[in-house]
Amino acid sequence: MRASQLYAPTLRETPAEAEVISHQLMLRAGFIRKAAGGIYSYLPLAWRVLRKIENIVREEMDAKGGQELFMPVIQPAEMWMETGRWSVYGDEMFRLKDRHNRDFCLGPTHEEMITTLVRGDVRSYRQLPLRLYQIQNKYRDEIRPRFGLMRGREFIMKDLYSFDKDEAGLDESYDKMYDAYTKIFSRCGLTFRAVEADSGAIGGSGSHEFMVIADSGEAAIVYCPSCEYTANVEKAELHPIIHADEELLPLTITDTPGTKTIAAVSKYLGVAPARTIKTLAYITDGEQLIFALVRGDHEVNEIKLLNKLKCLRIDLATEDVITRITGSTVGYLGPVGVQNSEKVAIVADHSVMNMYNAVCGANQPERHYINVNPKRDFSPFLVADIRLIRENDPCPRCGIKVKTTRGIEVGQVFKLYTKYSKALQATFIDENGIEKPMVMGCYGVGVSRTMAAAIEQNYDENGIIWPVPIAPYQAVVVPVNAKDEAQMSLAEKIYSELNGNSIETVLDDRNERPGVKFKDADLIGYPLRITVGPKALSEGLIEVKIRRTGETSFFKAEDYIGSIT
Ligand code: ATP
Ligand code: MG
Ligand code: MG
Ligand code: MG
């Protein structure tokens, strides 16, 4: 490519509307132009970067058994009504009507579409697992489209959906995608962390966000310098507890955990009936089980809390959690007697029965405790605030002080289980002839946001510093004086040799002052700049400058290609 022909209109001034670096630099370096808030044209340089990211994504998806397809952007309302998301999605959904007044939307995501597609054609366990993906524009009418490509209203996403016959299959698909995402962002040359994205944080691995570490990131991340623990601050609470997104209904505490309750609890929790579980306490609103505290076998203390909105699984030993929070020995925590999510009652206790009594006692002050000595067996109502984890709080896993940093969410992996397959009746017949809902996962990479995030992480005062694997071109050849025939012909020679050796190269053949060309080269962020000046001609030495380090070296004309590749 010749710079004189390249459609990369650079700007001298930073456009006022651009708040973040990636937005400023992409406008200035001629990568993008705005059509409307959050809606951009990608000019040729940006499109090359995007295609490189896409190709890395494709290779890693294909390596994990992904099959690429392409679904409609325009989606009929009916499938969204079947899952209830037509109303849930709210203003973020771009909606439109056709000439017959039928409702459609521009796809913000494709769970409904793909589940409907697959349910029509998959009948047997023999057709599973399926891992289908596409790379396509997504549409979300974000409240505040800002930060350029970081939060667009039209943006490019890779979305893969996995369909498995059971949870073990889902776990495998999930692990494969997690691994693929790690490879994708490493191959893009980015520094990132995978962050637990469940509110559960502890032990929950139902979702991870992949965060590119950058000061401008919208998400604050806490991580443990000693163990693997990394979580989104927004979601990482110091106490593992249900937090109600809406006010809890008036509660009825049922105080006899009979066999019926245990059956109901096991059903809700999806615990195999063979497994011994003991209900410690449960709360219903008269009809539905809202909350249950359950103890599993002796080795693993397992508390599972659930309400209508969320089911949290806490695999950490209960005692451990309580000990760390309260400093007392054994205990139990839950939203008992608490109507909002601000406070939690912590009741220290010793035995299962005492815990149970203590729980009931929380809402029934006059209750007569049997065989319980309140001072000896528990200290009721230690009330602690639920608050977000902060720098230097103890790590929920290992107790070491956590640190914080900021990150940009470039991808997310998510276990959907049977949420969509149940709602849309995507079932299959298993080995025993039994009809079952498919077990699903979804996995998104923000392709256009990844490009922006790469800049947020790689720039200096002169412009972009592209990681080599996603650079629009790897090198630029700059003849100092394009009017000098000898310089130009050497530059042409180098330019075609580099391209011939698969080094994607631009020749800056413009009739500009060298300073202008050097400035543009830095701004656009080519990893290598090869300057052909008088020295190249007189001494046969070619100057190669590395954009990232600013290092300049001279190579003999005969072996510069070897040194570059
Ligand atoms: P965010 O929390 O930033 O709003 P999200 O969690 O809503 O993102 P997902 O539904 O998980 O996004 O979509 C998968 C990926 O798509 C995200 O990890 C992100 O990289 C990208 N993405 C989401 N929204 C946008 C957007 N408005 N502009 C650009 N990329 C986006
Ligand atoms: Mg969002
Ligand atoms: Mg998010
Ligand atoms: Mg997300």
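The values are calculated or read from the model by the stated rules, or taken from the named source; none is laboratory data. Bear in mind that the values here come from a model prediction, so they are computed numbers and not experimental data. Glycine gets a Cβ as well: all are built from the backbone with ideal geometry, and neighbour counts include every protein chain shown.
Scoring V222 on the criteria (1) surrounded by 19 or more Cβ atoms within 10 Å (Cβ to Cβ); (2) away from ligand 4 (no atom under 14 Å from the Cβ); (3) of a type in the set (A, V, I, L, M); (4) in a helix (DSSP H, G or I) leaves a single failure, condition (4). Could you tell me whether any residue of segment 142-154 is more than 21 Å from P437 (Cα to Cα), within 15 Å of ligand 4 (Cβ to nearest atom) and of a type in the set (D, E, K, R)? Yes, that holds for at least one residue. Within segment 445-474, the set of residues being assigned to a strand (DSSP E or B) and surrounded by fewer than 24 Cβ atoms within 10 Å (Cβ to Cβ) comprises Y459, D460, G463. Does at least one position in segment 201-216 carry a residue that is over 13 Å from the mean Cα position of the chain (by Cα) and modelled with pLDDT of 90 or more? Yes.
I need a count of the residues in segment 69-93 that are aromatic (F, W, Y) and within 16 Å of ligand 1 (Cβ to nearest atom). Working first, answer last.
Our first condition is that a residue be aromatic (F, W, Y); within segment 69-93, this holds for 70, 80, 86, 89.
Filter again for within 16 Å of ligand 1 (Cβ to nearest atom), leaving 80, 89.
Looking only at that region, the number is 2.
Select, from Y133, Y139, Y125, the only residue that is modelled with pLDDT of 95 or more, out of contact with any Gly (no Cβ under 9 Å at 6 or more places or on another chain) and of a type in the set (F, W, Y).
On the way: Y133 fails: out of contact with any Gly (no Cβ under 9 Å at 6 or more places or on another chain); Y139 fails: out of contact with any Gly (no Cβ under 9 Å at 6 or more places or on another chain).
The conditions single out Y125.
Among S186, S173, which is more than 16 Å from ligand 2 (Cβ to nearest atom) and free of Cβ contacts under 8 Å to residues at least 60 places away in the same chain?
Details: S173 fails: free of Cβ contacts under 8 Å to residues at least 60 places away in the same chain.
The match here is S186.
Residue pairs whose Cβ atoms lie under 9 Å apart, sitting 6 or more positions apart in sequence or on different chains, and linking a residue in segment 537-565 that is of a type in the set (S, T, N, Q) to a partner that is in a loop (DSSP other than H, G, I, E, B), are T565/N501; T565/S502; T565/I503.
Any idea which of L248, L190 is of a type in the set (A, V, I, L, M, F, W, C), away from ligand 4 (no atom under 16 Å from the Cβ), assigned to a loop (DSSP other than H, G, I, E, B) and at pLDDT 90 or above? Walk me through how you get there before you give the answer.
Details: L248 fails: at pLDDT 90 or above.
Residue meeting the stated conditions: L190.
Taking the numbered list (1) within 30 Å of L170 (Cα to Cα); (2) away from ligand 2 (no atom under 16 Å from the Cβ) in turn, R449 passes all entries but (2).
Regarding segment 35-50, can at least one residue be identified that is within 28 Å of V439 (Cβ to Cβ) and surrounded by 17 or more Cβ atoms within 10 Å (Cβ to Cβ)?
To start, the set of residues in segment 35-50 that are within 28 Å of V439 (Cβ to Cβ) comprises none.
No, because not a single residue in segment 35-50 is within 28 Å of V439 (Cβ to Cβ) and surrounded by 17 or more Cβ atoms within 10 Å (Cβ to Cβ).
Restricting segment 420-435 to residues that are in contact (Cβ under 8 Å) with a residue 24 or more places away in the chain and surrounded by fewer than 20 Cβ atoms within 10 Å (Cβ to Cβ), the residue that is farthest from T115 (Cα to Cα) is E431.
Across segment 151-167, not a single residue is classified as free of Cβ contacts under 8 Å to residues at least 24 places away in the same chain, touching a Leu at 6+ places or on another chain (Cβ under 8 Å) and farther than 21 Å from D430 by Cβ.
For Q134, the conditions (1) in contact with a strand residue (DSSP E or B) (Cβ under 7 Å, 6 or more places away or on another chain); (2) away from ligand 4 (no atom under 16 Å from the Cβ); (3) closer than 24 Å to A219 by Cβ are fulfilled apart from (3). The residues in segment 107-127 that are assigned to a loop (DSSP other than H, G, I, E, B) and either of a type in the set (F, W, Y) or farther than 23 Å from N432 by Cβ (or both) can be counted, and the count is 4. Where residues in segment 421-465 are within 30 Å of S186 (Cα to Cα) and charged (D, E, K, R), which of them is farthest from the chain's Cα centre (by Cα)? Ranking the candidates gives E461 first. Taking the conditions (1) within 16 Å of ligand 2 (Cβ to nearest atom); (2) closer than 26 Å to P44 by Cβ; (3) of a type in the set (V, I, T) in turn, V413 satisfies each one other than (2). At least 2 residues being within 16 Å of ligand 2 (Cβ to nearest atom) is the threshold, and among the helices (runs of 4 or more DSSP H) wholly inside segment 2-94 those reaching it are 85-88. For segment 128-170, the candidate set comprises residues that are away from ligand 2 (no atom under 16 Å from the Cβ) and part of a loop (DSSP other than H, G, I, E, B); within that set, the residue that is nearest to L27 (Cα to Cα) is P129.
Within segment 504-521, identify whether any single residue is among the hydroxyl-bearing types (S, T, Y) and modelled with pLDDT under 95, and answer yes or no. Looking for residues that are among the hydroxyl-bearing types (S, T, Y) and modelled with pLDDT under 95, one finds none in segment 504-521, hence no.
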